[in-house]
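The values are calculated or read from the model by the stated rules, or taken from the named source; none is laboratory data. For clarity, every value in this text was computed on a predicted model and none was experimentally measured. Please note: Cβ atoms are built from the backbone with ideal geometry, for glycine as well, and neighbour counts cover all protein chains shown.
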Amino acid sequence: MNEKIKLLKKGQRTALISSLISLLLAILKGVVGFLFGSVVLIADALESAIDIASGLASFFGLKIAQKKPDEKFPYGYYKAENIASLFISGLIIYAAINLLIISYHRLFTIPEINYGYIPLVVVAFSGITSLLTSIYLKKKENQLNIQSLIANSKDRLKDFFVSIIIFIVIALKNIPYIEGIVSILISFVILRMGILTARDAIFSLMDVSPSTQIEKKIKKIISSISGVEDAKHIRLRSSGPFIFGESHVKVRKHVNVSRAHEIADKIEEKIKKNVKQIESFTVHIEPFKSPKQKIVIPIKQNKGLDSAVIDHFGRADNFIFINIDNKEIKSFYVKKNPFKEKKVRAGLSAVNFVIKEKINLLITQQMGDISFHTLRDNLVDIYRTKGKTVKNVLENLIKNKLEKLEKPTRRKE
């Protein structure tokens, strides 16, 4: 059983437990409200009944969503949850309007009220149960990332606060019109919930983008992959509890087809690992040559652009990093080589050191086998030095006079 199915089954069980709790509360409040003639308690029972419907919609939606994709539904059945939510939202709105009419007529009727302590105990029990259910759903929500559980968690927390209001209303039973007024307020709360549920379901069915925060997170993940120059046209769409996405990614022009596929796979893997809701993410690779480059050159003493270039990369005293935009030097800085005295594989250590500076071009006279392939794996171009100073080397680079290294200059590091 794959992870997605396990997640859906856990969500299904959680939705069922939530529905059973709502059923218990609805029966309890409905019976007591009917026996004691409390419209406000009946209104609260109706809201709990609606919670049952919402939970069951989530339950059946998650059950259908577990069906495997087929020829007719190649993207799966995940939107079954959204369809169920849309259906339930219609019931919620209908119930809210009917309750609103009943509550309005209650304003013009002042019944003899003799509640006693039983309704108070029932409301207090309902409030505490709703709070504990909200905490339970919140915990499951954090584990499963299922949107319907997030909504149910917030809904149960709302029930807790509604119970506090109803408790006060019953305690203040002798105040005229209070029951009718509060019942109307609850009706509007239910109506608002129904409208918002319908809106979310319709938006999801129309492939609404989940959130700008997730888009920003995905763009940051893509940009962190070596070789990626830019990410454009990130598109996301909700499908039940999951998200489908795609993006056009620009990579360095020299990257071959095989390497481009590796980058695309790496992007998808990293996105799925960091954004749990992602079911599928398609990457369209586009070759791109950026006018901006970050270059590193091994040097002796730090004399800025007049620094003398050293032939051995791993044993260099310093490294100078230069930012170029449209063949113009914009800035540079120098860092000491912390691996100069290292006895074994100083070159590889130095290479990993400069890669962390997000370079895309390295200029040196010699490069060992392991270091060379490490640089190429991180999509860093390697050129052979031509010129005595950094300034000379950069002039030759800008004039396309440098030789590009296509293989290591030596076998040993």
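Among the residues of region 7-38, those identified as modelled with pLDDT of 80 or more, over 26 Å from F242 (Cβ atoms) and not hydrophobic (A, V, I, L, M, F, W, C) are K29, G30, G33.
Out of L172, L157, L191, L196, one residue alone is in the same structural domain as D44 (by TED's automatic domain parsing), under 28 Å from G11 (Cβ atoms) and at pLDDT below 80. It is L157. Screening the candidates T374, T389 for the property of being surrounded by 15 or more Cβ atoms within 10 Å (Cβ to Cβ) and within 24 Å of K250 (Cα to Cα) yields one hit, T374. In region 362-381, the residue that is nearest to D311 (Cα to Cα) out of those that are at pLDDT below 90 and in a strand (DSSP E or B) is G368.
Scan region 197-217 for residues that are free of Cβ contacts under 8 Å to residues at least 60 places away in the same chain and either surrounded by 14 or more Cβ atoms within 10 Å (Cβ to Cβ) or not hydroxyl-bearing (S, T, Y) (or both) and jot them down.
First pass over region 197-217, keeping only residues free of Cβ contacts under 8 Å to residues at least 60 places away in the same chain: 199, 203, 206-209, 211-213, 215-217.
Listed by number, the residues that qualify are R199, F203, M206, D207, V208, S209, Q213, E215, K216, K217.
Only one entry in L56, L86, L41 is at pLDDT 70 or above, hydrophobic (A, V, I, L, M, F, W, C) and either more than 23 Å from A198 (Cα to Cα) or crowded, with 20+ Cβ neighbours inside 10 Å (or both), namely L41.
If we scan region 316-332, do we find a residue that is assigned to a loop (DSSP other than H, G, I, E, B), touching a Pro at 6+ places or on another chain (Cβ under 9 Å), closer than 25 Å to V251 by Cα and in the same structural domain as G347 (by TED's automatic domain parsing)? The answer is yes; a qualifying residue exists.
One residue stands out among those in region 1-38 that are among the small types (G, A, S) and within 23 Å of the chain's Cα centre (by Cα): the one that is surrounded by the fewest Cβ atoms within 10 Å (Cβ to Cβ), which is A15.
Taking the condition within 19 Å of I166 (Cα to Cα) and in contact (Cβ under 8 Å) with a residue 24 or more places away in the chain, does G11 pass? Reasoning before the result, please.
On the way: within 19 Å of I166 (Cα to Cα): no; in contact (Cβ under 8 Å) with a residue 24 or more places away in the chain: yes.
Criteria not met by G11.
On the stretch given as region 296-321, residues that are in contact with a helix residue (DSSP H, G or I) (Cβ under 7 Å, 6 or more places away or on another chain) and among the aliphatic types (A, V, I, L, M) total 6. Is it true that some residue in region 71-78 is in contact (Cβ under 8 Å) with a residue 24 or more places away in the chain, at negative phi and of a type in the set (G, A, S)? Scanning region 71-78 turns up no residue that is in contact (Cβ under 8 Å) with a residue 24 or more places away in the chain, at negative phi and of a type in the set (G, A, S). Quick check on my filter: what residues within region 393-405 are free of Cβ contacts under 8 Å to residues at least 40 places away in the same chain and either among the aliphatic types (A, V, I, L, M) or not in a loop (DSSP other than H, G, I, E, B) (or both)? Hits for region 393-405 are E395, N396, L402, K404, L405. Of everything in region 41-68 that is within 29 Å of the chain's Cα centre (by Cα) and among the hydroxyl-bearing types (S, T, Y), the residue that is nearest to S22 (Cα to Cα) is S54. I want to confirm something. Restricting to region 235-267 and keeping residues that are polar (S, T, N, Q) and exposed (fewer than 15 other Cβ atoms within 10 Å of the Cβ), which single residue is modelled with the lowest pLDDT? That would be N256.
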